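Each remark here refers to the structure printed beneath this line.
Each reported figure results from applying straightforward, stated rules to the coordinates on display, with no laboratory input. Predicted, not measured: the structure shown is a model, and the values here were computed from it. Positions of Cβ are backbone-derived with ideal geometry, glycine not excepted, and every protein chain shown enters the neighbour counts.
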């Protein structure tokens, strides 16, 4: 797994999940993400423990800009 869905500390129940590239430290489930989202946001946040973006099509709750960047990279 190279990418992860993540949420920002300012997320609400209606906020989209973003995608970020993982480092060798892996997922940061308790916070402290160490890379920005693919759409360029650099705020504090955490990874979510669900399927990786590589697993299939963009879910309705994923950031469209992150998904487009992810598709270009893969």
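Helices in the chain, meaning DSSP H runs of at least 4 residues, each add -39500 (n - 2.57). Divided by all residues, the mean residue ellipticity at 222 nm is -4000 deg cm²/dmol.
Based on the Cβ-Cβ distance of residue 74 and residue 12, what FRET efficiency does E = 1/(1 + (r/R0)^6) give at R0 = 30 Å, to the nearest 0.05?
0.55
Here volume of the Cα convex hull per residue in Å³ was computed from the coordinates, and among (i) 84; (ii) 171; (iii) 74 the match is (i). For segment 3-73, averaging the sequence separation of C-alpha pairs within contact (under 8 Å, six or more residues apart) and dividing by the residue count gives a relative contact order of 38 percent.
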